[in-house]
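Derivation of every value follows stated rules applied to the coordinates shown; laboratory data play no part. Only a predicted model underlies this, so the values are computations on that prediction, with no experimental measurement involved. For neighbour counting, all protein chains shown are included, and Cβ atoms are generated from backbone atoms with ideal geometry for every residue, glycine included.
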Amino acid sequence: MNIFSKVLTNLGVGGLTGKLVAIMGIITSLIFLYTSFEGSFPAFTQRGLLLILSIPMIFLLAARKKKNSFGQWRDLIMAVISPIPFFYIMIIQNDLVLRGGIPNSLDIVMGILAVLIVIEVTRTKLGWALPILAISLILYGFFGPSMPSLIEHRGLDMGTTISALYLSEDGIFGIPLAVTSEFIIVFIIFGAFLQVTGAGDFFSSLAKATIGGVRGGPAKAAVVGSALMGTISGSAVANVATVGTITIPLMKKTGYRPEVAGGIEATGSCGGQLMPPVMGAAAFIMADFLKVSYAQVVIAAVFPAVLYYLSLFFMVDLEAAKTGLKGMSGEEIPNLKRTLLHSGHLLIPIIILIIFLGVIQYSPQKAAFLSIVALILVSFLRSHTRLNAERVFTALAQGAIGCLDVAVVCACAGIAIGIIMRTGLGFILTNVLIELSHGNLPVLMILTMVTSTILGMGLPTSACYIIVAVLIAPAMIKMGVVPMAAHMFSFYYATLSAITPPVALAAYAAAGIAKSPPMITGFQASRFGLTGFIVPFMFVYGPELLLMGSVTNIIIACITAVIGVYAISISLIGWIFTKVPVWGRVACLASAILLIKPGFQTDVLGFAVLAAVGVVNYLYRRRERSRSEVKNTI
């Protein structure tokens, strides 16, 4: 078997279409690795190239799955004609500037074709949710004068619509696609290179070696393993597929019900999009919306991500204590020293990436490129991680394929943004939301949370974040919320939608591995993620959790937040030393609320309430043990 055949096997594709996808994937990765180091091409060229290469790959992959010849030929024809309008915009971009962006007849034809192709490829890849939103907004643009007075506008004609969606950098070729073509794809390629070296297995082994033996060890290993995996992969489903195949069977073996094991893994994997240095695609888009560096987003995201995983860790620990679940046996736990000696060098490229981003402050794309170079060099330290030709080509192809979802999501979301910008819908809805909430920030945050969760059921995280960031985040900022906190708030709930039924993609992926009912697994994931749902409220009221402010205030805020998260976990699970009575659970919830609210007095009172519940339950447990010992003596 030659090298290319092995690459096709690794990718799980075959036949002529599979070969074309692999070749196009390798070419795509090489092109964008080049621009990450040498600098981007002109805007329409850089962004157009991504669509020219990505969209045909999606149609080719779709054709492979079709069983009827009509469907196959339809997708193959779409793969051939889809690059045409994007080649056209690359060719005319200089002429377009000279004529002030005014469209001619051919521009309009090509623009209509581009919009239709983007909508269709998004439907082919991800279903109807986002295309329906885009179509609805286009219709809203045309029929503005006929809309209810609250959202009425003067209407857009065909020329204006095509100018907004196709001939400008506000529509298809807007910020989301720009960020994908310049930053996101390189980080996805970096993650693909780490994967082919065996980093996923290493992170799982490291988690098991450190905490596998404690109570609820396999579940805690799933949490830590997912957090580690999340540092290199911003995809919840990919994290489940990588870490879950190891941790879910281990959890089931030590007594966890299948749906609980799947729920814990789904919740842990979901947080991968929140975990620096390689966060989900939406984090790069956030940096562009806020006009700050990606490094600033990473710094702001560090402690909330840690808090999210701590909340899940606390929930898992208390659940294990409540149900009497033990850790893994000694034979199942890898030796920590041997694990680190075997593959510990794979941590070096991640450390290098953090240094390039946060210390030296290279651009994200250059930092990712140099980290890939470092990874290639570091891989030669051990024979089992060495990057040979087969692994390199697999990583290049897999990196591009891993970016397909993001590319079409951002292009289709660009259609929505283009209409929202031209019609002023964003400004209208900002005022509507403020009126609905009556200027009450907590009410507005709850509206934002619900909106993000509902949108996230049908949209990928990045698309959900983009819509919420454009429509709702400005209302939060207008009411005095720090811009970084407002956008991070939107990002969090867009991410957590991956575990909220009825559509919970991460939970469904975990259910497949756990062999449990998908819907029940989704509810279990939501249960374990409940504490994480409170975290965004904490950093809105305490921006110090985003590492903003004085060092003293940041330290105090972080400590009280950890205690507050623990209090919520006790309230939800109902266990500390022994079963917590109803009044104790209510008291713990009150304690958490007091700790969330900034202020020395509320912090002291919150801690005192939690300590009181802990002392009462500790004494009650001692009394139970004394009675048990007396009975055994008799």
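A compact table of results
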item	result
Solvent-free Debye scattering, log10 I(q)/I(0), computed from the Cα coordinates of the chain at q = 0.08 Å⁻¹	-0.60
Neighbourhood net charge (15 Å Cβ-Cβ; Lys/Arg +1, Asp/Glu -1) for L167	-2
Neighbour net charge for T197 - beta-carbon separation under 15 angstrom, K R +1, D E -1	+1
Relative contact order (percent, whole number), the range 1-151, Cα cutoff 8 Å, 6+ residue spacing	18 percent
Rounded tilt (10° steps) of 483-496 against the dominant C-alpha axis of the chain	80 degrees
Where Rh is the Kirkwood radius over Cα pairs, Rg/Rh for the range 176-407	0.98
For the range 1-65, Kirkwood radius (reciprocal of mean inverse C-alpha pair distance, Å)	12.9 Å
Rg and Dmax of the range 3-131, Cα atoms only, in Å	16.5, 51
Set of lysines near K291 by C-alpha distance (under 28 Å), chain-local residues within fewer than 8 positions excluded	K366, K478
Distance histogram for the range 381-455 (every C-alpha pair counted, 10 angstrom bins, percent rounded to whole numbers)	15, 24, 22, 14, 14, 10, 1
Contour minus Cα-Cα distance for V359 and R99 (0.36 nm per residue)	89.2 nm
For the range 330-487, projected area of the alpha-carbon convex hull averaged over all directions, nm²	14.6 nm²
Relative contact order (percent, whole number), the range 498-634, Cα cutoff 8 Å, 6+ residue spacing	17 percent
Share of pairwise Cα separations in the range 136-228, more than 20 Å, in percent	64 percent
All Cα pairs of the range 563-634, percent lying beyond 13 Å	63 percent
Reachable aspartates and glutamates from K19, criterion Cα separation under 15 angstrom, eight or more residues apart if same chain	E390
For the chain, calculated [θ]222 nm from helices alone, where every DSSP H run of n ≥ 4 adds -39500 (n - 2.57)	-24000 deg cm²/dmol
Residues I576, I185, sorted so that the one with the fewest Cβ neighbours within 10 Å comes first	I576, I185
Lysines whose Cα lies under 25 Å from that of K252, excluding same-chain neighbours fewer than 8 positions away	K208, K220, K322, K326, K515, K579
Degrees between helix 15-38 axis and first principal axis of the chain (Cα, 0 to 90, nearest 10)	80 degrees
Compactness of the range 120-175, expressed as Rg and Dmax over alpha-carbon positions, Å	12.8, 36
Length-normalised contact order of the chain in % [C-alpha pairs under 8 Å, at least 6 apart]	18 percent
The chain: angle of helix 185-196 to the longest principal axis, Cα-based, in degrees nearest 10	50 degrees
